[in-house]
Amino acid sequence: MKTSDFSFYLPEELIAQTPLERRDASRLLCLNKVSGATEHRVFSELPELLRPGDCLVMNDSRVLPARLMGARETGGAVEVLLLRDLGGGRWECMTRPGRKAKPGTRLIFGGGELEAEVLEVAEGGNRIIEFKYDGIFLEVLERLGRMPLPPYIKAEL
């Protein structure tokens, strides 16, 4: 995975910076499969659009607070974005600054609550990092991690 995989033009005026207060007013684009026509609706109208026999799939997944701000053991700041769990406490990650995260570099997060070591540079420049912690990793992430936001969202939510 490379950052260029996520590059595309999006007009700034169409980018919401904060969630809507009334989530039921979220926009909904409807496609008529027979005619191909599209229609703009709002989410609260969804029950009117469903017919007997339709399948509605609910997504109740949560975004992992996968952005970690920490320091190299030598003192320099580091940002790590978890991309893929490789098992055994190892993750494929993007790091910033990448050139300072060489194999063997030790990283510290949350005053030492979470420690890590860069094991290798993966294809495409990502890093394979092994994390060391007490307890359950997802609970440590809930305390120390931040939500990964795209660069066009300016406010921390």
Item checked: Option label - Rg and Dmax of the Cα atoms in Å computed here, alternatives (i) 16.2, 48; (ii) 20.6, 63; (iii) 16.5, 63 -> (ii)
Check: What stretch of the chain, leaving out the sites themselves, is the longest with no trypsin sites (Lys or Arg not before Pro) in a DSSP loop having at most 16 other Cβ atoms within 10 Å?
Finding: 63-153
Next item on the list: Go through region 123-138 residue by residue and turn each phi into a ³J(HN,Hα) via Karplus (6.51, -1.76, 1.60, θ = phi - 60°); whole Hz please, and just put x for glycine and proline.
Entry: 4, x, x, 5, 10, 9, 10, 9, 9, 10, 7, 9, x, 9, 4, 4
Next item on the list: Kindly write out, for region 105-118 in residue order, the coupling ³J(HN,Hα) from the Karplus curve 6.51 cos²θ - 1.76 cosθ + 1.60 (θ = phi - 60°), rounded to whole Hz, with x marking Gly and Pro.
Entry: 5, 9, 10, 10, 10, x, x, x, 4, 10, 10, 8, 9, 6
Next item on the list: Return the single residue from Gly75, Gly36, Gly88 with maximal mean-square fluctuation; model: Gaussian network over the chain, springs between Cα atoms under 10 Å.
Entry: Gly36
Check: By its C-alpha gyration tensor, with a ≥ b ≥ c as the square roots of the eigenvalues, how is region 110-157 shaped: rounded for a/c under 1.5, else prolate for a/b larger than b/c, else oblate?
Finding: oblate
Item checked: Choice from Ile129, Ile108, Ile15 with maximal GNM fluctuation in the chain (Cα, 10 Å cutoff) -> Ile15
Next item on the list: Quote the accessible area belonging to Phe43 in square angstrom, nearest 10, computed with a 1.4 Å probe and with ligands, DNA and RNA left uncounted.
Entry: 100 Å²
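Let me check against my output: what whole-number percent is the relative contact order of region 1-126, with C-alpha pairs under 8 Å and at least 6 apart?
Rounded, it is 14 percent for region 1-126.
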Next item on the list: Select from Glu12, Glu115, Glu142 the residue whose mean-square fluctuation is largest in a Gaussian network model of the chain (Cα-Cα springs shorter than 10 Å).
Entry: Glu12
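Hey, what's the chain come to in accessible area per residue, 1.4 Å probe, Å²?
Details: 11610 Å² over 157 residues.
Value returned for the chain: 74 Å² of accessible area per residue.
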Item checked: Derived scalar couplings ³J(HN,Hα) [region 35-51; Karplus, 6.51 cos²θ - 1.76 cosθ + 1.60; whole Hz; x for Gly, Pro] -> 8, x, 6, 10, 9, 8, 10, 10, 4, 5, 8, 3, x, 5, 8, 7, 10
Notebook entry, point to check: Which cross-chain or sequence-distant (5 or more) residues have an amide H under 5 Å from the amide H of Leu114, H modelled 1.01 Å from N in plane?
Noted result: Phe109
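The values are calculated or read from the model by the stated rules, or taken from the named source; none is laboratory data. None of these values were measured; they are calculated from a predicted model. Positions of Cβ are generated from backbone atoms using ideal geometry, with glycine treated the same way; all protein chains shown enter the neighbour counts. Ligands, DNA and RNA are stripped out before the accessible areas are found, and what is left, the full protein with its side chains, is counted by its heavy atoms. Shrake-Rupley method; radii C 1.70, N 1.55, O 1.52, S 1.80 Å.
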